[in-house]
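See below for the structure under consideration.
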Amino acid sequence: MKVYSETCYHLYNRGNNKNLIFFEDDNYIYFLNQFKKYVSPFCEVYTYCLMPNHFHFFIGVNDSDLFEKGIKNFFISYSKAINKRYNRVGSLFQGRYKVSEITSDSYYTTIITYIHQNPVVAGLVTKMEDYKYSSYATYLSDKNTLINKKEVLEWFGGLDSFIDHHLSIINEIEVNKRLKI
């Protein structure tokens, strides 16, 4: 899919054959640092979550040409580093990254909560704020960040509404699991 400037996307990919793309804590940190170096200068980052075998970002692309170059260099640099570090060969990722254009207000809301809820739904943590490799805890913090918290929190009507929305969806997921819906 072609990426356009001034457009929001759900950016994602997973490991080749659904294998791991992160093997230890240092990998997650390196991935985020490489993303910051190669990609974030050309986009707004609203949310992210790095799972052991896949990742999600919700971004707004500012310059499509520079973004495309940056993301290519990002994936090359991360894959080469992982292959070298773990003495592996071949593709780390399952093909080219994927993007889905965010085309509606409801999709905007849904993608934010979906990304943040991944670790809970996967059973890695019981509370979203406990997962180290997601932007959710960043929203609860006053620390400086590259995440565009202001726009997202305004979208939800403030931090309390942001939290309430996330928790209501998690509660609904839990009820559905128990009812086997």
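Annotations for the structure displayed:
- Within the range 80-161, helices (runs of 4 or more DSSP H) holding 1 or more residues that are within 20 Å of Lys18 (Cβ to Cβ): 105-121
- Cβ pairs under 8 Å, 6+ apart, first in the range 54-72 and closer than 17 Å to Phe93 by Cα, second polar (S, T, N, Q): His54/Asn13; Phe55/Asn13; His56/Thr47; His56/Asn118; Phe57/Thr47
- Taking the numbered list (1) within 16 Å of the chain's Cα centre (by Cα); (2) at pLDDT 95 or above; (3) within 21 Å of Asn33 (Cα to Cα); (4) of a type outside the set (Asp, Glu) in turn, Thr145 passes all entries but (2).
- Evaluation of Ile115 against (1) β-branched (Val, Ile, Thr); (2) at pLDDT 90 or above; (3) surrounded by fewer than 16 Cβ atoms within 10 Å (Cβ to Cβ) (one fails), failing number: (3)
- Total residues in the range 1-34, condition touching a helix residue (DSSP H, G or I) at 6+ places or on another chain (Cβ under 6 Å) and over 22 Å from Val89 (Cα atoms): 4
- Summed over the range 35-70, the residues that are part of a helix (DSSP H, G or I), under 18 Å from Ile147 (Cβ atoms) and not hydroxyl-bearing (Ser, Thr, Tyr) give a count of 7.
- Verdict on Ser100 being within 16 Å of the chain's Cα centre (by Cα), modelled with pLDDT of 95 or more and surrounded by fewer than 16 Cβ atoms within 10 Å (Cβ to Cβ): yes
The values are calculated or read from the model by the stated rules, or taken from the named source; none is laboratory data. Predicted model, so just to flag it, every value in this text is computed and none were measured. Ideal geometry is used to build each Cβ from the backbone, glycine not excepted, and the neighbour counts take in all protein chains shown.
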